[in-house]
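For reference, the structure discussed in these notes is given below.
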Amino acid sequence: MYEEDRNWWKKFHKGLREQSRFISCNPAPEVDHPTYEIVGKIERVDQRDTMQSRMMLKDPESPEYKDYYSRHPELKEIDDDNREKLKKSLKRHFETDPLGAHFQSNIFATRHLLGLPEVIDPGKEGTPLWQTMETDMSKITPEERTWRIKDYALVLGASKVRVGHLKKEWVYTHYAHPYSPYPYGKPVDDMDYPFIICLAMRQNLAMMRHRDHYVVCIEIGLRYSLTSVIAITLANLIRSWGFRARALPPENSPYMVPPMFIDAGMGEQGRMGICVTKEFGNNFRPAAVATDMPLIVDKPVDFGLQDFCDKCMVCADACPSGAIAKERTVRRGVRRWQVNDQKCRAYWNHLGGPCAICQAACPWNFESTPFHNLNRELNQRFRIYRKPAVWGFKLFYERKEWDPNPQWAYNPRGRPR
Ligand code: SF4
Ligand code: SF4
C-alpha cells in the first residue's frame, strides 16, 4: 500500500471514530427475545387509522374523507375538532411570523422529495454509478457485506445501525401517509424483502430541548431528511451490488418503526411507546432499507429498560397532554405501554407542529460522558441502582416546565425567556 493510501485509511478510521465518539458506551447485551410481551395473535395496522393520516382528511367532500368516516363514524367529531385546532394554530403562526412559519413546512418538504417512488427504488438502470466494475458477489460473505454496510452508514452520519428480519406483522396493510406518493388506501403488497437495515440518527439534544418550538420542528425535519439521504444512498449501493433494495425514508415507510427496530436490537420499548436505545435514549430519527441481500441479523437487546421505566415516570410527568400511560395494556396481541395518540395529537395541533417533549425529557438521552456511561452500566447491571438513579435525575436534571408558549412559537426574537 502506498504511503498516501495508508494515510487516507488512517484518516478514514479516525473519521469513523469521531463520528461515533459520542456513542462510546458498551453495547447493550443481546437476548433471544425482545422485551415486549406477545399475548395473542398480532394484528397488522392499517396506516389509514393512524392519527397522522387522519389529520390530512381535510376535505369533507373528498372520496377519502367519505370512505374513512363511513367506516369510522365514531371518530369524525374528534378528528374534525382536532383539524380545527391545527387550522387555528397555523393561522396564529402565520399572523405572528409570516416568514418564519414557512420553515417547518420547508424542511418537511425536503423530506417529502426524498420519499418519491423514483428516488426510493428507481431500479438498477435508474441509478447509474460514476464508475463501476463487475464484482463476483458470491465470493463476498454475508458477514463482510454486513459490516461494510454498517460502517458505510456510520460514515454517512448514522449514529447506530442494526439488521433485522423484515417481519410482515409490523408492515401496514394499506398506504396512507399524508404525503405518500402512493395512492391513499393502496394495499401494501410490495414489501417482500427478508431483511431490513435499521438506521438511527441522533438528534441535537440542545435543539430538541429548545423553548422555541420552531427550532424543535426544524431539528426534527432536518434529521428526517438526513436519515432519508443515508437510506437512499445505501439502497443505491446494494442495487449496484446486484441485489434488490428499497429505501424506507420516513416519508415512504409503510411499517411500524418501534417493533421493527426493537426486534433488530436498536433498543427496547420505553414508556412513551417508542424505541429507546442504551446509547442515546429515544432522541433519534429513523430510516431503513429493505433488501434481499443476505446479511447477518442482529438480536434484540435487554439493558434493563423495562424495570427502569417501571420506576421512572419522567416522560409521563413531562407530557403536557397526559397521553403517556401509567400501566401496560394489551393492543393487537402485544402487551406494552400505549400512548393515547388522540391526546398526543391534540397537543401537536395546539402547537401547530410536532411536540417531542417526551423525547427531550428521557434520562437515557444524555451524551456519552464517562459519568453518564457509568450510570448506563450501573442501571443495566444492578436493579437496585435504578430507583436512586431516577431520584438523582429528578433532583439534578428534571425540567418541570416544558410547555412552549405557542403564541410565540414562530417568533424567537419577540418571545420573552
Ligand atoms: S409527543 Fe408530546 S404530547 Fe405526545 S406523548 Fe410525547 S410529550 Fe406527550
Ligand atoms: S422517561 Fe423514563 S419512563 Fe419514560 S421512556 Fe425514558 S426511562 Fe422510560
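The values are calculated or read from the model by the stated rules, or taken from the named source; none is laboratory data. Since this is a predicted model, take the numbers as computed values, not measurements. Every residue, glycine among them, receives a Cβ derived from its backbone with ideal geometry; neighbour counts consider all protein chains shown. The area values use the complete protein model at the heavy-atom level, side chains included, leaving out ligands, DNA and RNA. Shrake-Rupley method; radii C 1.70, N 1.55, O 1.52, S 1.80 Å.
Mean Kyte-Doolittle of at least -1.0 plus a Cα span of 27 Å or more along the axis: flag which DSSP H helices in the chain meet both, please.
Once both thresholds are applied, what remains is 213-240.
Accessible surface ranking for K278, K139, 1.4 angstrom probe, highest first: K139, K278. Take M260: with every protein chain present and a 1.4 Å probe, its accessible area is about 0 Å².
With all protein chains present and a 1.4 Å probe, how do W170, W348 order by accessible area, largest first?
From most exposed to least exposed: W348, W170.
Given axes a ≥ b ≥ c from the Cα gyration tensor, I'd like to know whether the range 209-292 is rounded (a/c under 1.5), prolate (a/b larger than b/c) or oblate. Intermediate results must be reported in sequence, preceding the final value.
Numbers: a/c = 2.60, a/b = 1.45, b/c = 1.79.
Oblate, since a/c reaches 1.5 and b/c is not below a/b.
Just to check, using Stokes-Einstein with a Kirkwood Rh over alpha carbon pairs, what's the diffusion coefficient of the chain at 10 °C and 1.306 mPa s in µm²/s? The estimated diffusion coefficient comes to 70 µm²/s.
For K58 and E95, the FRET efficiency from 1/(1 + (r/R0)^6), where r spans their Cβ atoms and R0 equals 30 Å, is about 0.90. Could you work out what % of the accessible surface of the chain is carbon and sulfur, using a 1.4 angstrom probe and leaving DNA, RNA and ligands out of the count? For the chain, the apolar C and S fraction of the accessible surface comes to 57 percent. Listed values for the range 316-328 are Karplus-derived 3J(HN,Hα) couplings in whole Hz (6.51 cos²θ - 1.76 cosθ + 1.60, θ = phi - 60°), namely 5, 5, 6, 5, x, 9, x, 8, 8, 6, 8, 10, 6, and x replaces Gly and Pro. For the chain, taking a cut-off of 4.7 Å between Cβ atoms, the unpaired cysteines are C25, C198, C217, C275, C309, C312, C319, C344, C355, C362.
Using a probe of 1.4 Å, the accessible surface attributed to V39 totals some 70 Å² when neighbouring protein chains are kept in position. Heavy-atom accessible surface of the chain, averaged per residue, reaches 49 Å², computed with a 1.4 Å probe. Over the chain, dividing the summed -39,500 (n - 2.57) contributions of all DSSP H runs of at least 4 residues by the number of residues returns a 222 nm mean residue ellipticity of -13000 deg cm²/dmol. Only alpha carbons enter this Debye calculation for the range 59-124, each as an equal point scatterer, and the log10 of I(q)/I(0) it gives at q = 0.12, 0.13, 0.24, 0.29 Å⁻¹ is -0.57, -0.65, -0.95, -1.07. Using Cα springs under 10 Å in a Gaussian network model of the chain, which residue among P60, P354, P34 shows the largest mean-square fluctuation? Its mean-square fluctuation being the largest, the pick is P60. Close amide H pairs (under 5 Å, H built 1.01 Å from N) link V334 with V39, residues at least 5 positions away or on another chain. Of the listed residues F371, F308, F366, the order by accessible area with a 1.4 Å probe, largest first, is F371, F366, F308.
Taken as Cα centroids, the range 53-90 and the range 217-270 sit 29 Å apart, rounded to the nearest whole angstrom.
Taking the Cα centre of the chain as the origin, how large is its charge dipole in debye, to the nearest 20, when only Lys and Arg (+1) and Asp and Glu (-1) carry charge on their Cβ atoms?
1240
Here W147 sits with roughly 130 square angstrom of accessible surface, probe radius 1.4 Å. Panel note: the C-alpha atoms of the range 274-368, placed on their principal axes, show extents of 45, 35, 31 Å (largest first).
Classify the range 35-169: rounded, prolate or oblate, from the alpha-carbon gyration tensor (a ≥ b ≥ c, eigenvalue square roots; a/c under 1.5 rounded; otherwise prolate if a/b is larger than b/c)?
In terms of gyration-tensor shape, prolate.
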